[in-house]
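For reference, the structure is listed below as structure tokens.
The values are calculated or read from the model by the stated rules, or taken from the named source; none is laboratory data. Owing to the predicted nature of the structure, the values given are computational and were not obtained by experimental measurement. Positions of Cβ are generated from backbone atoms using ideal geometry, with glycine treated the same way; all protein chains shown enter the neighbour counts.
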């Protein structure tokens, strides 16, 4: 979403490595697809449409290839999920017809919890692109929305723990940028770094997602300034791993 990296490859041994890697990836993909399908089958009774996935793309626009839009729909019966789908539409309303915005989503089932994360990067801004995230964690047994407080309690952590994890990772980004000569520490210290990220409170606008059993916090921040940090930051840098 932020950038793409091009690499030049040589033939011979590297080609063989690529073939083997691709084959391994294909096997893993098939296993994951089979696992996800089995999980989906367990929840047919709660689906609005039994022939569709629990979460599927209800609207897609690839535009000119630079900006693309994928809007999800949560395929579960009940008033709570109906309200979630309405909230998704309301959240994306300002971006869905904007040709300068990117919208993607992910979802994953971990045990009885369905996690959904919607990612938006708005490039239609005066200064720097703005990322936005919206997350939902749904109890598939009750079809109820799980609150952030309940989710943190489930993983045995609290807001102070989350804040420390995010702060430590942000500090590591700053140290990397200094080491890679984006900044000189005397010119732009850590407070300066946070100012350019538009971060006052690290817990502002945080949303939670469960990925492969790990609790992930998505924390939006500005990834571009006069120092050219957009060359450093990648999509994964918005993910803050809270529990291993």
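Any idea which of 221, 155 is touching a residue at least 12 places away in the same chain (Cβ under 8 Å), in contact with a helix residue (DSSP H, G or I) (Cβ under 8 Å, 6 or more places away or on another chain) and assigned by TED's automatic domain parsing to the domain that holds residue 240?
Going through 221, 155 in turn, just one is touching a residue at least 12 places away in the same chain (Cβ under 8 Å), in contact with a helix residue (DSSP H, G or I) (Cβ under 8 Å, 6 or more places away or on another chain) and assigned by TED's automatic domain parsing to the domain that holds residue 240: 221.
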From the list 57, 142, 104, exactly one residue is modelled with pLDDT of 95 or more, within 28 Å of residue 214 (Cα to Cα) and assigned to a loop (DSSP other than H, G, I, E, B). Which is it? 142
For the range 43-54, enumerate the residues that are over 19 Å from the mean Cα position of the chain (by Cα) and part of a loop (DSSP other than H, G, I, E, B). 43, 47, 48, 49, 50, 51, 52, 53
Hey, any hits in the range 230-238 for a residue that's without any contact (Cβ under 8 Å) to a residue 12 or more places away in the chain, under 16 Å from the mean Cα position of the chain (by Cα) and under 22 Å from residue 109 (Cβ atoms)? yes
Please go through the range 158-174 and give me each residue that is without any contact (Cβ under 8 Å) to a residue 12 or more places away in the chain and in a helix (DSSP H, G or I), ordered by number. 160, 164, 168, 172
Hey, among 127, 183, which residue is at negative phi, at pLDDT below 95 and touching a helix residue (DSSP H, G or I) at 6+ places or on another chain (Cβ under 8 Å)? 183
Right, residue 87: surrounded by 10 or more Cβ atoms within 10 Å (Cβ to Cβ), at pLDDT below 95, outside the structural domain of residue 237 (by TED's automatic domain parsing) and not in a strand (DSSP E or B) or not? no
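Give me a count of the residues in the range 123-139 that are in a strand (DSSP E or B) and either touching a residue at least 40 places away in the same chain (Cβ under 8 Å) or buried (at least 17 other Cβ atoms within 10 Å of the Cβ) (or both). Spell out the reasoning first.
Within the range 123-139, the first condition is being in a strand (DSSP E or B), and the residues that meet it are 130-139.
Add one more test, that the residue is either touching a residue at least 40 places away in the same chain (Cβ under 8 Å) or buried (at least 17 other Cβ atoms within 10 Å of the Cβ) (or both), and what stays is 130-138.
Counting residues in the range 123-139 that are in a strand (DSSP E or B) and either touching a residue at least 40 places away in the same chain (Cβ under 8 Å) or buried (at least 17 other Cβ atoms within 10 Å of the Cβ) (or both) gives 9.
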Quick check on residue 187: is it more than 30 Å from residue 44 (Cβ to Cβ) and surrounded by 12 or more Cβ atoms within 10 Å (Cβ to Cβ)? no
Which members of the range 195-244 meet the condition of being in a strand (DSSP E or B) and either at positive phi or loosely packed, with under 15 Cβ neighbours inside 10 Å (or both)? 211, 214, 241
Find the residue count for the range 60-82, including only residues that are in a loop (DSSP other than H, G, I, E, B) and either without any contact (Cβ under 8 Å) to a residue 60 or more places away in the chain or more than 19 Å from residue 113 (Cβ to Cβ) (or both). 8
